[in-house]
1. Give the calculated FRET efficiency between S87 and V113 to the nearest 0.05, with a Förster radius of 41 Å applied to their Cβ-Cβ distance.
2. Out of residues 5 or more away from M86 or on other chains, whose amide H comes under 5 Å of its own, with H placed 1.01 Å from N in the peptide plane?
Amino acid sequence: MRPPLRRASGRPGASAERDAEEEEAAMERYGEAALNAVPVPDLRQNEGSLTSTLRTLLFFTALMITLPVGLYFSSKAYIFEGTLGMSDRDSYFYAAIVAVVTVHVVLALFVYVAWNEGSRQWREGKQD
């Protein structure tokens, strides 16, 4: 068995202690550098964007459910049967056309709003 190496200090194992301290200091510097290199996303800014997007989606979901169904029954009862005096069979057909056109209008509005909201958020993010 070999005796431990002695440094100028004369204490056995002083080199191992110093190496461990240097290694620990290097790991701390490396850890700090790694943490500083990774950008931390600002979740507060993203939270407002997410809330706005969710609000828009829920609004258009409610519109997509209520508007076509409501217009189908109201146009069938009040416009086609009531005002125009059409038969049940004809009023079903024309009311369905009104509902389908309403679905397309709501979808087009959703795409328009989502496109403008996305481009606005992109412009705001680009200016930062």
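1. On the way: r = 39 Å, r/R0 = 0.95.
Efficiency at R0 = 41 Å is approximately 0.60.
2. Amide H neighbours of M86, under 5 Å, 5+ apart: E81.
No lab work stands behind these numbers, since they all come straight from the coordinates. Bear in mind the structure is a predicted one, so any value in this text is a computation, not a measurement. We place every Cβ from the backbone using ideal geometry, glycine too, and count neighbours over all the protein chains shown.
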